[in-house]
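Colleague: Pasting in a structure now, in structure tokens, and then I'll have a few things to ask.
The values are calculated or read from the model by the stated rules, or taken from the named source; none is laboratory data. No experiment lies behind these values; they were computed from the predicted model shown. Using ideal geometry, Cβ is built from the backbone for each residue, glycine included, and neighbour counts are taken over all protein chains shown. Areas reflect the complete protein model, heavy atoms only, side chains present, ligands, DNA and RNA absent. Shrake-Rupley method; radii C 1.70, N 1.55, O 1.52, S 1.80 Å.
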Amino acid sequence: MPTVMIFTDVLHEKPGRHVDLLHEAGFTVQYPENPNLVDEDETIKVLNGVSATIAGGEPYSDRVVSALPDLRVVSRWGVGVDQIDLDAVTKAQILVTITATANHEAVAEHTMALLLGVSRKLIQRNHQISQGYWIREASQPLRGKTLGLIGLGRIGRSVAVRAAGFSMRLIAHEAFPDVAFARRHRIELVDLDSLLRESDYISLHVPLNETNRGLINRQNISKMKKGSFLINTARGGLVVEKDLVEALRNGHLGGAGLDVFVQEPIDSQHPLIQLDNVLATDHTAGIDIRSVEDMAVESAQNIVDLFNGKWPDSSVVNGKLKSSWKW
């Protein structure tokens, strides 16, 4: 019987419909002792003889996949593939899938929570009250302000429709925009410099790659409005953290809401965590009770579909393998 290894720590040894789907399709389900593997040697050891994975943050480098001839599918629980060498897995005839329709609304809700949290200074106010202070200082509104979305994919679009409910002006920078959606929701498509210059709030919704790594750096931060806010629920590597710290300290930026960081877990003594104008969460934007289950089921279903000869077009990342791939 083929084996599926479930890495994701949130799903570690937990029953659910995703496990039932795999068992019904004839798979054996296993769990690693450590669901948060980052070591290549240990990943190779754990995945020896495994046919498919429900992947978390473990590495799928050229060295790893070259040592795993039985591996056919890496089914990501989520949408990020920055721990996967796509060239290497494609060369090795390993399919990569994502849960394309499961957690975008959860991320959008979390994004709005961070927007409200930093604009209303909720952390500072709570701290002041707990220390015995009652400082009724005015905060920044969302209504009438400009939200710049860097990325207008599923998550960016989900944020847009929510932000519209707060009467925000919406602009977006997107390489391959859904023009009809943008027109329908009154989103102005702009170049990056215009977005940086015009936005009161900027929210990141693009995957991390070598083209945009460090996108939010000193140079681009300098183009942002004085007092504007940055929200990042995408990937930590999009931001040069020392440059962000500098801008938050000197007042060029009014605050930041951050769910992701370059190194995770982030050190509790990291300068970003010490700033009172930063609202930080622990890479949980896409994780709520509903999305956890939805992502688990979709990632399992992708494996089952491929095993049964059905191609899940919207979920496959390296679709160039469609004509040559076999289980």
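Colleague: Between 205, 283, 252, 270, which is open to solvent by 40 Å² or more (accessible area, probe 1.4 Å) and under 23 Å from residue 155 (Cα atoms)? Steps first, answer last, please.
Modeller: Details: 205 fails: open to solvent by 40 Å² or more (accessible area, probe 1.4 Å); 252 fails: under 23 Å from residue 155 (Cα atoms); 270 fails: under 23 Å from residue 155 (Cα atoms).
Answer to the check: 283.
Colleague: Could you look through segment 33-74, keep only residues that are in a loop (DSSP other than H, G, I, E, B) and of a type in the set (S, T, N, Q), and pick out the one that is modelled with the lowest pLDDT?
Modeller: The first filter runs over segment 33-74 and keeps only residues in a loop (DSSP other than H, G, I, E, B), leaving 33-39, 48-51, 56-59, 61, 67-72.
Next, from what is left, pick out any that are of a type in the set (S, T, N, Q): 34, 36, 48, 51, 61.
Working: 34: 92, 36: 88, 48: 97, 51: 98, 61: 97.
Once the filter is applied, the top-ranked residue is 36.
Colleague: Looking only at residues that are in a loop (DSSP other than H, G, I, E, B) and within 23 Å of residue 221 (Cβ to Cβ) in segment 174-194, which one is least open to solvent (accessible area, probe 1.4 Å)? It would help to see each step written out before you state the result.
Modeller: Start the filter on segment 174-194 by keeping residues that are in a loop (DSSP other than H, G, I, E, B), which leaves 174-178, 185-186, 190-191.
After this cut, where a residue has to be within 23 Å of residue 221 (Cβ to Cβ) as well, the list is 174-175, 190-191.
Numbers: 174: 51, 175: 80, 190: 24, 191: 87 Å².
That would be 190.
Colleague: Moving on to the next point. Taking the condition of a type in the set (A, V, I, L, M), free of Cβ contacts under 8 Å to residues at least 60 places away in the same chain and surrounded by fewer than 21 Cβ atoms within 10 Å (Cβ to Cβ), does residue 245 pass?
Modeller: On the way: of a type in the set (A, V, I, L, M): yes; free of Cβ contacts under 8 Å to residues at least 60 places away in the same chain: yes; surrounded by fewer than 21 Cβ atoms within 10 Å (Cβ to Cβ): yes.
Here the answer is yes, as residue 245 does meet what is asked.
Colleague: Let me ask another. Being open to solvent by less than 70 Å² (accessible area, probe 1.4 Å) and free of Cβ contacts under 8 Å to residues at least 12 places away in the same chain, is that true of even one residue in segment 160-173? Lay out the reasoning, then the answer.
Modeller: Kept after step one, since they are open to solvent by less than 70 Å² (accessible area, probe 1.4 Å), are these residues of segment 160-173: 160-165, 168, 170-173.
Imposing the further condition that a residue be free of Cβ contacts under 8 Å to residues at least 12 places away in the same chain reduces the set to 165.
Within segment 160-173, one or more residues are open to solvent by less than 70 Å² (accessible area, probe 1.4 Å) and free of Cβ contacts under 8 Å to residues at least 12 places away in the same chain.
Colleague: Of the conditions (1) modelled with pLDDT of 95 or more; (2) assigned to a helix (DSSP H, G or I), residue 124 fails just one. Which one is it?
Modeller: (1)
Colleague: For segment 182-212, what are the residues that are over 20 Å from residue 233 (Cβ atoms) and not basic (Lys, Arg)? Steps first, answer last, please.
Modeller: First pass over segment 182-212, keeping only residues over 20 Å from residue 233 (Cβ atoms): 182-184, 186, 188-191, 193-194, 197-198, 210.
Passing the criteria: 182, 188, 189, 190, 191, 193, 194, 198, 210.
Colleague: Do you know which residues across segment 83-133 are in contact with a Gly (Cβ under 6 Å, 6 or more places away or on another chain) and open to solvent by 60 Å² or more (accessible area, probe 1.4 Å)?
Modeller: 83
Colleague: Of everything in segment 98-119, what is under 25 Å from residue 302 (Cα atoms), among the β-branched types (Val, Ile, Thr) and over 11 Å from the mean Cα position of the chain (by Cα)? Give them in sequence order. Don't jump to the end; show me each part of the working.
Modeller: Kept after step one, since they are under 25 Å from residue 302 (Cα atoms), are these residues of segment 98-119: 98-108.
Next, from what is left, pick out any that are among the β-branched types (Val, Ile, Thr): 98-99, 101, 107.
Within segment 98-119, 98, 99, 101 qualify.
Colleague: Taking the stated definitions as given, is residue 152 assigned to a loop (DSSP other than H, G, I, E, B), in contact with a strand residue (DSSP E or B) (Cβ under 8 Å, 6 or more places away or on another chain) and either over 16 Å from residue 228 (Cβ atoms) or open to solvent by 70 Å² or more (accessible area, probe 1.4 Å) (or both)?
Modeller: Numbers: assigned to a loop (DSSP other than H, G, I, E, B): yes; in contact with a strand residue (DSSP E or B) (Cβ under 8 Å, 6 or more places away or on another chain): yes; either over 16 Å from residue 228 (Cβ atoms) or open to solvent by 70 Å² or more (accessible area, probe 1.4 Å) (or both): yes.
Yes; evaluated as a whole, the condition is true for this residue.
Colleague: Got a sec? Which of 197, 218, 213, 183 is under 16 Å from the mean Cα position of the chain (by Cα) and of a type outside the set (A, V, I, L, M)? So that I can check it myself, show each step before the final result.
Modeller: Details: 197 fails: under 16 Å from the mean Cα position of the chain (by Cα); 218 fails: under 16 Å from the mean Cα position of the chain (by Cα); 183 fails: under 16 Å from the mean Cα position of the chain (by Cα).
Going through 197, 218, 213, 183 in turn, just one is under 16 Å from the mean Cα position of the chain (by Cα) and of a type outside the set (A, V, I, L, M): 213.
Colleague: Can you tell me which of 136, 143, 157, 197 is open to solvent by 80 Å² or more (accessible area, probe 1.4 Å) and assigned to a helix (DSSP H, G or I)? Even if it seems obvious, please write down each step before you answer.
Modeller: Values: 136 fails: assigned to a helix (DSSP H, G or I); 143 fails: assigned to a helix (DSSP H, G or I); 157 fails: open to solvent by 80 Å² or more (accessible area, probe 1.4 Å).
Answer to the check: 197.
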